[in-house]
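Below is one structure, written out as structure tokens; comments come after it.
The values are calculated or read from the model by the stated rules, or taken from the named source; none is laboratory data. Just so it is clear, the model here is predicted, and its values are computed rather than measured. Every residue, glycine among them, receives a Cβ derived from its backbone with ideal geometry; neighbour counts consider all protein chains shown.
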Amino acid sequence: MTFTQIALDIDGPIATITLDREAKLNAFTGTMMEELIAAIDITDADDAVRAVIVTGRGRAFCAGADLSAGAATFDYEKLGGGRGGPVRDDGSIDYSDPAVRDGGGRVTMRIFASLKPIIAAVNGPAVGIGVTMQLAMDVRMASDTARFGFVFARRGIVPEAGSSWFLSKLVGLPQALEWCMTGRVFGAEEALKGGLVRSVHAGEDLLPAARALALEIAENTAPVSVAMTRQMLWRMAGAASPWDAHRLDSRAIYARGRAGDAKEGVVSFLEKRPPVYPDKVSSDMPDFYPWWEAEVYR
């Protein structure tokens, strides 16, 4: 696929996705949405890719939604050329229509489903969808010039992209409420103190630090184990009981314990050598994956 608003670079086991509308501070568009989803499809399908870094071109990570449509920016009906899609003939709205889904949410749900760990390297301002798209990523690292803002209430809308689920799990409900209800833009140090980012770096050190973390994952862990662990931790974050996690853990340990990766993990440790894990995400996920779609698990 040819990308026009992002760039995808694969260097060894690390893929880097760069939001690439520098002149517009990498503002989010429908095209960018489609290209981000396509890029993650590519990284998921490539067994050589072990981790993904997402960053922005130039001085911004993502300035939020492209507001060039003015007052109609968030009015999907007007942007779509008038009544249609979820709007019925009588003027009522079918909220179950796929056209109601927000574009940022399409991206975060694809990130959520990723089989590869995703690291946000936030190189500058990240507001609106620029920050909510990060919430489904696994680690957020920021430059000292990064700024964040859940500015939705200041634009007359509400948080999107699944952030009403993700944000409070990352930073706690009181902090999530304060940031979203004030809509203020805040700096990297407040983001660090509030638990939104893992670490703050000088600008020139940000990508090397993100790559070092990605390589730590790539060089030491089994890819199928990482893919399973990522989905287990995210999906069990909303489980009603630890028994749900126990049932899932038990299945996963049983399946993984029989696999070649477990044998290699133990033997390489005993032999004091780097592991060479044989199992592949594309072909060797446990037979009960994806468990959340199976009636027998429900």
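Tabulated data
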item: Residues that are under 23 Å from THR18 (Cα atoms) and either basic (Lys, Arg) or more than 21 Å from the chain's Cα centre (by Cα) (or both), drawn from the stretch 188-218; result: ARG198, ALA202, GLY203, GLU204, ASP205, ARG211
item: Among the candidates ALA153, ALA161, residue that is assigned by TED's automatic domain parsing to the domain that holds MET32, outside any helix (DSSP H, G or I) and either among the hydrophobic types (A, V, I, L, M, F, W, C) or closer than 30 Å to ALA45 by Cα (or both); result: ALA161
item: Residues located in the stretch 36-67, provided they are of a type in the set (Asp, Glu) and over 14 Å from the mean Cα position of the chain (by Cα); result: ASP46, ASP47, ASP66
item: Single condition ALA209 does not satisfy, out of (1) in contact (Cβ under 8 Å) with a residue 40 or more places away in the chain; (2) surrounded by 15 or more Cβ atoms within 10 Å (Cβ to Cβ); (3) touching a helix residue (DSSP H, G or I) at 6+ places or on another chain (Cβ under 7 Å); result: (3)
item: Wholly enclosed helices (runs of 4 or more DSSP H) of the stretch 29-131 bearing at least 3 residues more than 18 Å from PHE150 (Cα to Cα) and at pLDDT 95 or above; result: 30-45, 103-112
item: All positions within the stretch 256-297 that are more than 16 Å from ARG230 (Cα to Cα) and of a type in the set (A, V, I, L, M, F, W, C); result: ALA259, ALA262, VAL266, VAL267, PHE269, LEU270, VAL276, ALA294, VAL296
item: Search result, residues across the stretch 139-150 that are within 22 Å of ASP66 (Cβ to Cβ) and outside any loop (DSSP other than H, G, I, E, B); result: ARG147, PHE148, GLY149
item: Yes/no for GLY195 being closer than 19 Å to SER114 by Cβ, part of a loop (DSSP other than H, G, I, E, B) and small (Gly, Ala, Ser); result: no
